[in-house]
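One structure is given below, encoded as structure tokens.
The values are calculated or read from the model by the stated rules, or taken from the named source; none is laboratory data. None of the values given here were measured: they were computed from a predicted structure. Counting neighbours? That spans all protein chains shown, and the Cβs are built from the backbone with ideal geometry, glycine included. Note: accessible area is taken over every heavy atom of the protein model, side chains too, but ligands, DNA and RNA are not part of it. Shrake-Rupley method; radii C 1.70, N 1.55, O 1.52, S 1.80 Å.
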Amino acid sequence: MGDIHDAIERADREAFTKDPPKTLKGQIGYLIKQLGSTKAVAQEIGVTADSVNRYRRGARKHARADVAAKIDDAVRQRWQPLVRKRRQKKAATTGGITVETRARFGYTAPVGTTDDGRFRRLTVHLPPAYAQRLFDARNTGASDQQMRGIIAEGFKEIYFQDGGGRATGLSDVTLNDIDYLDLDY
């Protein structure tokens, strides 16, 4: 995944009202409840059912680093989905989404004006329609490049053109060389 997928994931994690289980035993117990069986958990994280049972009983206190990462991802993915859904729905219908980034912005502008791309640090609140488009894009497996296009379009409309009040000849804003990107909703 890329910058924007990661930023959405971070914003989702900030929505947690309660931290997910931290111990291996607690995480495995939670996953067994969510997935219904040790066999299903074993398939999800790529180990044997016997290993899952050892984790569950506490006979094995630590998983290999790669397995521990898979367990952590599996737990976070399923943790408080209703909280996550509510926040995303609010962002997509009324709240919008705030994008903070430092990146190189390039654009096509009319002759006689500068169209040199340059690094800018921007914090821009995009309307709900852009939040909805971002979530839809992520849910349908869009690439990071496609999601950058949605954000760039929003920046063009809201920041560069000030909602249609200026720079109306500006077209094709691009978002390149992202130094960092953070989302909040």
ask   = From R76, R60, R133, R86, which residue is in a helix (DSSP H, G or I), closer than 25 Å to Q43 by Cα and charged (D, E, K, R)?
value = R76
remark   = Of the candidates A131, A109, A103, the one satisfying the condition of being touching a Gly at 6+ places or on another chain (Cβ under 7 Å), modelled with pLDDT under 90 and open to solvent by less than 60 Å² (accessible area, probe 1.4 Å) is A109
ask   = How many residues does region 62-85 hold that are basic (K, R) and at pLDDT below 90?
value = 4
inquiry  = Condition first: open to solvent by less than 50 Å² (accessible area, probe 1.4 Å) and under 26 Å from the mean Cα position of the chain (by Cα). Now tell me which residues in region 43-64 satisfy that.
reply    = I45
request  = Look through K70, K89 and report the one residue that is within 16 Å of the chain's Cα centre (by Cα) and surrounded by fewer than 17 Cβ atoms within 10 Å (Cβ to Cβ).
outcome  = K89
Number of the exception - F16 against (1) assigned to a helix (DSSP H, G or I); (2) under 30 Å from F135 (Cβ atoms); (3) not aliphatic (A, V, I, L, M) = (1)
ask   = Is there a residue in region 42-64 that is closer than 30 Å to R133 by Cα and among the charged types (D, E, K, R)?
value = yes
request  = Return the only residue of L122, L35, L31, L126 being open to solvent by 30 Å² or more (accessible area, probe 1.4 Å) and under 26 Å from the mean Cα position of the chain (by Cα).
outcome  = L35
